[in-house]
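Enquirer: Got a structure for you, questions after.
Values in this text are rule-based calculations from the coordinates and carry no lab data. Here the structure is a predicted model, which means the values were calculated and not measured. Note that each Cβ is placed from the backbone with ideal geometry, even for glycine, and that neighbours are counted across all protein chains shown.
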Amino acid sequence: MKNIYFLGECMMELKSTDESTMNQSFAGDVYNSAVYLKRCFPETAVSFVTAVGGDQISQRLINRCEGENLSTDAIFRHPNKTLGLYLIETDETGERSFTYWRSDSAAREIVDFLDDSVIARFSANDMLFISGISLAVIQPSHRDKFWQIMEKLKALGVTLVFDPNYRARLWQGADEAKEQIEKALTLCDIALPGVEDFTELYNLHNAEDVIAFCAPFNVPEIIVKNGAASVVSHCDNETVDHTIIPVTHVVDTTSAGDAFNGVYLGARLNQQSVADAIGLAAQAAGVVIQQPGAIAPADVFQQALSD
Ligand code: ADP
């Protein structure tokens, strides 16, 4: 059976509900994708790869992963660091703002835990998903070791999947981000970029230009997300435009791309065609944006997908 591994950071999320109360949950791009994949494809083995602390809140994240039926064997406990944290506040006009405390999180040290015994758990045809956020939070001094590990996994036959997911504030500057993102494009087998990331970084404004940018990296499977406009695939030198059914009642677009990525990869691991996988992924993302927060309630998500 093939396994898929999602490597990155999951943070503790706090959301103000009123002056004196906050709602606590967990979210992070690769974690969100892992959850949505597993909910759609319960038979697929899904692992979350990260570092957390030895404290109670870290244990609660591990419990939450277990509650979502993710494998937690590759969640490592750092002796003196803990989860990153972010706070969502909403002003009187409904505008949301985000404040982060993540610069010293345990997840930034993940590379220290990826020794040969971890690499030995991977087999040919497994998948490993990383995002631009996974790359941004890795300590710069750990990057050489990280890329050596990626090259070893690729040599083993692991399918490497990458979503650039650019967050300017996580990088020292655009050049540093570009260098790491282009390194990932060189190695990956599947790329799942969003047009917006490339607008910010490379001044590209449509899916065709993003594909033209990625093509020289020889990525065999490129799927470009562009909000409600369309999804464009580029596989075997063929570019196909896939129509998206627009959602009119959008509540919160947080994690639309994450849900898309998770469900797309689940469908591909379960032998669905690129077109069918995009159809299902877009349907799942369409459900998620009609719910508040990164992780839609499991029953609402499952019910909406089966309708
Ligand atoms: P990201 O969250 O990475 O910025 P997008 O905004 O492109 O990514 O959204 C990811 C996916 O969510 C899209 O490919 C599409 O399938 C779906 N989606 C986003 N916005 C809408 C919308 N208004 N109506 C329907 N589907 C949408």
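Enquirer: Could you rank the peptides 222-229, 53-60 by their average count of other C-beta atoms within 10 Å per residue, with the highest value first?
Expert: Those peptides, ordered most packed to least, come out 222-229, 53-60.
Enquirer: Something else about it: How big is the antiparallel share of DSSP beta bridges in the chain, given as a percent to the nearest 5?
Expert: On the way: 24 of 51 bridges.
Of the beta bridges lying entirely in the chain, close to 45 percent run antiparallel.
Enquirer: Still on this structure: Per residue of the chain, what 222 nm ellipticity follows from adding -39500 (n - 2.57) for every DSSP H run with n ≥ 4, rounded to the nearest 500? Before the final figure, lay out each step's value.
Expert: Details: 12 runs with 120 residues, N = 307.
Mean residue ellipticity, 222 nm, calculated: -11500 deg cm²/dmol.
Enquirer: I'd like the Karplus ³J(HN,Hα) series for the range 123-139: coefficients 6.51, -1.76, 1.60, θ = phi - 60°, whole numbers in Hz, and an x wherever there's a Gly or Pro.
Expert: So the J values, rounded to whole Hz, are 10, 4, 6, 5, 10, 10, 9, 10, 10, x, 6, 3, 5, 5, 8, 5, 3.
Enquirer: Of the candidates THR21, THR253, THR99, which one comes out as most mobile in a Gaussian network treatment of the chain with C-alpha springs shorter than 10 Å?
Expert: Maximum fluctuation in the GNM of the chain, among the listed residues, is at THR21.
Enquirer: Take the Cα radius of gyration of the range 89-165 and divide it by 2.2 N^0.38 Å, with N its residue count; two decimals is plenty. All intermediate terms of the calculation are to be shown ahead of the outcome.
Expert: Values: Rg = 16.4 Å, N = 77, 2.2 N^0.38 = 11.5 Å.
Taking N as the residue count of the range 89-165, the ratio is 1.43.
Enquirer: Hey, another quick one. For the range 204-223 and the range 262-307, what is the separation of their C-alpha centers, rounded to whole Å?
Expert: 24 Å
Enquirer: Reachable aspartates and glutamates from LYS152, Cα under 12 Å, same-chain residues fewer than 8 places away excluded?
Expert: Qualifying aspartates and glutamates at Cα under 12 Å: ASP115, ASP116.
Enquirer: Starting from the 7 Å offset along Cα-to-Cβ, what nm value, one decimal, do you get for the label separation of THR199 and HIS249?
Expert: Inter-label distance under the simple model: 2.7 nm.
Enquirer: Starting from the Cα of THR239, step 7 Å along the direction of its Cβ; do the same at ILE57; then give the gap between the two resulting points in nm.
Expert: 4.5 nm
Enquirer: If you split all Cα-Cα distances of the range 157-239 into 5 Å bins from zero, what percentages do you get per bin, shortest first?
Expert: Reading the bins upward from 0: 3, 15, 28, 27, 17, 8, 2, 0.
Enquirer: Subtract the Cα-Cα distance of LEU305 and LYS154 from 0.36 nm times their separation in residues, and report this length gain in nm to one decimal. Could you put the intermediate results ahead of the total?
Expert: Values: separation 151, 0.36 × 151 = 54.36 nm, distance 3.36 nm.
Fully extending the segment from LEU305 to LYS154 adds 51.0 nm.
Enquirer: Right, next: With both partners inside the range 51-120, how many of the DSSP beta bridges are antiparallel, as a percent to the nearest 5? Working shown, then result.
Expert: Values: 6 of 8 bridges.
For the range 51-120, the DSSP antiparallel bridge percentage is about 75.
Enquirer: With springs connecting C-alpha atoms under 10 Å apart, model the chain as a Gaussian network and identify which of GLY173, GLY293, GLY266 has the largest mean-square fluctuation.
Expert: Checking each option, the largest mean-square fluctuation is seen for GLY173.
Enquirer: Give the residues of the range 32-54 whose amide nitrogen is closer than 20 Å to a point set 7 Å from the Cα of ASP112 in the direction of its Cβ.
Expert: The answer is 49-54.
Enquirer: Still on this structure: DSSP beta bridges in the range 81-160, what fraction antiparallel, as a percent rounded to 5?
Expert: Values: 6 of 8 bridges.
Here the share of antiparallel DSSP bridges comes out near 75 percent.
Enquirer: Here is a follow-up. What whole-number distance in Å separates the alpha-carbon centres of the range 132-156 and the range 160-177?
Expert: Spelled out, the Cα-based centre of one part sits 13 Å from the other.
Enquirer: Once the cut-off is 25 Å, how many percent of the Cα-Cα pairs in the range 197-307 end up in the long-distance tail? Don't skip to the answer; put the middle values down first.
Expert: Working: 1350 of 6105 pairs.
The answer is 22 percent, as a whole percent.
Enquirer: With θ set to phi - 60°, apply the Karplus curve 6.51 cos²θ - 1.76 cosθ + 1.60 along the range 209-223 and write out the HN-Hα couplings as whole Hz, x wherever there is a Gly or Pro.
Expert: 5, 5, 5, 4, 5, 7, 3, x, 7, 6, 7, x, 9, 10, 10
Enquirer: I need the calculated FRET efficiency for the pair ARG143 and ALA229, taking r as the beta carbon distance and R₀ as 41 Å, to the nearest 0.05.
Expert: Numbers: r = 34 Å, r/R0 = 0.83.
Step by step, r from the Cβ atoms, then E = 0.75.
Enquirer: What does the C-alpha gyration tensor say about the overall shape of the chain? Classify as rounded when a/c is under 1.5, otherwise prolate if a/b is larger than b/c, or oblate. Could you put the intermediate results ahead of the total?
Expert: On the way: a/c = 1.29, a/b = 1.05, b/c = 1.22.
Rounded, because the longest to shortest axis ratio a/c is under 1.5.
Enquirer: Oh, and also: What's the longest uninterrupted piece of the chain once you rule out the GluC sites (Glu not before Pro) that are loop residues per DSSP with at most 16 other Cβ within 10 Å?
Expert: Numbers: sites that count: GLU19, GLU43, GLU92, GLU95.
After excluding every exposed loop site, the longest remaining stretch is 96-307.
Enquirer: Something else now. Quick one: what Rg and Dmax do you get for the range 41-135 from the alpha carbons, in Å?
Expert: Over the range 41-135's Cα set, Rg and Dmax evaluate to 15.8, 52 Å.
Enquirer: How far apart, in nanometres, would the label points at THR21 and GLU179 be if each is projected 7 angstrom from Cα along the Cα-to-Cβ direction?
Expert: 4.9 nm
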